[in-house]
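K.L.:
The structure is given below, and queries will be raised subsequently.
The values are calculated or read from the model by the stated rules, or taken from the named source; none is laboratory data. Not measured: the values here are computed from a predicted model. Positions of Cβ are generated from backbone atoms using ideal geometry, with glycine treated the same way; all protein chains shown enter the neighbour counts.
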Amino acid sequence: MAMVLRLSAALLLSLLLAGCSKLFFYPMSPWVQNPENQGLQYEDIVLIHPRGMRIHGWWLPAADDAPARGTVYFLHGNAQNISTHLANVQWLPARGYNVFLLDYRGYGLSEGKPRLPDVFDDVQLGLDWLRHAQRTDGAPLVVFGQSLGASMAASVLGEEGNAGAADCVILEAAFASYRDITSDVMKRSWLLWPLRWMVVPTMPDRALDPEERVADIAPTPLLVMHSEDDPVIPYAHGERLYAAAAQPKTFQKLRGGHTESARDPAVQQRLVDFMQDNDCAAEVTKAEEVPESSGEGEEPPALPVPAPISTPDSGYRF
């Protein structure tokens, strides 16, 4: 019993000292793969913070020599790094989209240690670079975030200075509140359950919550996606985020595990349809056009997702 009490005290102390970092971030430095292994062209991008910290990402150009239909800024979840999340966006270059994947501080080759709300600066750095990079050729900019990446995207894009920064926004498996998801995660552990009252108040202020900021993304078209079967972020978080958002907005119900949807061709087509229907795709020739989406006014059906690709376990995956 004494040993258990000592371990509990040590765990509590580490949580309080680390704040939200230990619960929200599970970075991994080594790459599992790179885009070349998947037959993709790519370029390493290094962005420099004003104080000199280096943030790394990959630029995947649209396939072929034709002008890109748009650029997708991809923000991944809380575990591992861009090499393990590549499968979620590696199909986009073939559909005519550039992709920029960013590793937050402490992930992959990015320097520093991840901590909220400091990581918002990394998301902002990538957004600012894309807004001013000539390589986008003025084509539409789409922000696509998954899980923690989706939640941080909502928090950052909802800032006043980012009004109109993106042409379309896609949020998958986001949580509505940093404090509420912390409480949800801690409830899953008998050891952490009694510590919630001390840890939850150390999380970011509710003014930074995605559900407090998401309405300010309007009038940018917004697609919120969430799986009814999500074992990590409860479906209710997706419903809350969508309810807090302003028009124009669309909700897509999914089936299957956490952040697995974009590997399914049906979901991929849903994303392409959303971007095209909301003017987030440059014009394509008739031969390149893709099938139209379902009729207006119909509630889209829940889309299935395939089995996940195996990657190293890195704790809770937001």
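Quick grid of which residues meet (1) buried (at least 20 other Cβ atoms within 10 Å of the Cβ); (2) farther than 23 Å from residue 200 by Cβ; (3) modelled with pLDDT of 95 or more:
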residue: 120; (1), (2), (3): no, no, yes
residue: 123; (1), (2), (3): yes, yes, yes
residue: 138; (1), (2), (3): no, yes, no
residue: 147; (1), (2), (3): yes, no, yes
residue: 175; (1), (2), (3): yes, no, yes
residue: 178; (1), (2), (3): yes, no, no
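K.L.:
Here's something else I'd like to know. Select from the range 128-148 the residues that are under 12 Å from residue 259 (Cα atoms) and in contact with a Gly (Cβ under 6 Å, 6 or more places away or on another chain) and list them in ascending order.
P.N.:
146, 147, 148 - these are the residues of the range 128-148 that are under 12 Å from residue 259 (Cα atoms) and in contact with a Gly (Cβ under 6 Å, 6 or more places away or on another chain).
K.L.:
Check whether at least one residue in the range 43-53 is more than 30 Å from residue 178 (Cα to Cα) and either in a loop (DSSP other than H, G, I, E, B) or not basic (Lys, Arg) (or both), and report yes or no. I'd like the intermediate steps shown before the answer.
P.N.:
Restricting attention to the range 43-53, the residues satisfying the condition of being more than 30 Å from residue 178 (Cα to Cα) are 43-44.
From what's left, either in a loop (DSSP other than H, G, I, E, B) or not basic (Lys, Arg) (or both): 43-44.
For the range 43-53, residues more than 30 Å from residue 178 (Cα to Cα) and either in a loop (DSSP other than H, G, I, E, B) or not basic (Lys, Arg) (or both): present.
K.L.:
Mind checking which pairs have a first residue in the range 59-77 that is among the β-branched types (Val, Ile, Thr) and a second that is surrounded by 24 or more Cβ atoms within 10 Å (Cβ to Cβ) and assigned to a loop (DSSP other than H, G, I, E, B), Cβ under 6 Å, 6 or more apart or different chains?
P.N.:
What qualifies is 72/92.
K.L.:
Name the residues in the range 116-163 that are under 19 Å from residue 271 (Cβ atoms) and of a type in the set (Ser, Thr, Tyr), would you?
P.N.:
Taking the range 116-163 as the starting set, the residues that turn out to be under 19 Å from residue 271 (Cβ atoms) are 130, 136, 139-147, 149-151, 153-154, 157.
Once the filter is applied, which keeps residues that are under 19 Å from residue 271 (Cβ atoms) and of a type in the set (Ser, Thr, Tyr), the range 116-163 yields 136, 147, 151.
K.L.:
Sticking with this one: Looking at the range 238-275, which of its residues are among the hydrophobic types (A, V, I, L, M, F, W, C), surrounded by fewer than 20 Cβ atoms within 10 Å (Cβ to Cβ) and under 17 Å from the mean Cα position of the chain (by Cα)?
P.N.:
251
K.L.:
Among the residues of the range 73-89, what is the count of those that are assigned to a loop (DSSP other than H, G, I, E, B), under 16 Å from residue 142 (Cβ atoms) and touching a Gly at 6+ places or on another chain (Cβ under 6 Å)?
P.N.:
From the range 73-89, those assigned to a loop (DSSP other than H, G, I, E, B) are 76-78, 81, 89; that's our starting set.
With under 16 Å from residue 142 (Cβ atoms) added as a condition, the list becomes 76, 89.
When the remaining residues are screened for being touching a Gly at 6+ places or on another chain (Cβ under 6 Å), the result is 76.
Total meeting the criteria: 1.
K.L.:
Now for a separate question. Which pairs do you get when a residue that is among the basic types (Lys, Arg), found in the range 162-190, comes within reach of a residue that is surrounded by 24 or more Cβ atoms within 10 Å (Cβ to Cβ), reach meaning Cβ atoms under 9 angstrom, with the pair 6+ apart or on two chains?
P.N.:
These pairs meet every condition: 179/209.
K.L.:
Give me a count of the residues in the range 41-68 that are more than 14 Å from residue 135 (Cβ to Cβ) and buried (at least 19 other Cβ atoms within 10 Å of the Cβ).
P.N.:
Counting residues in the range 41-68 that are more than 14 Å from residue 135 (Cβ to Cβ) and buried (at least 19 other Cβ atoms within 10 Å of the Cβ) gives 2.
K.L.:
How many residues does the range 90-107 hold that are outside any strand (DSSP E or B) and buried (at least 24 other Cβ atoms within 10 Å of the Cβ)? Step through it out loud before you land on a result.
P.N.:
Of the range 90-107, the ones outside any strand (DSSP E or B) are 90-96, 103-107.
When the remaining residues are screened for being buried (at least 24 other Cβ atoms within 10 Å of the Cβ), the result is 92, 103-104, 107.
Selection size over the range 90-107: 4.
K.L.:
Looking at residue 121 and the list (1) farther than 25 Å from residue 278 by Cβ; (2) not in a helix (DSSP H, G or I), which single condition is not satisfied?
P.N.:
Of the numbered conditions (1) farther than 25 Å from residue 278 by Cβ; (2) not in a helix (DSSP H, G or I), the odd one out for residue 121 is (2).
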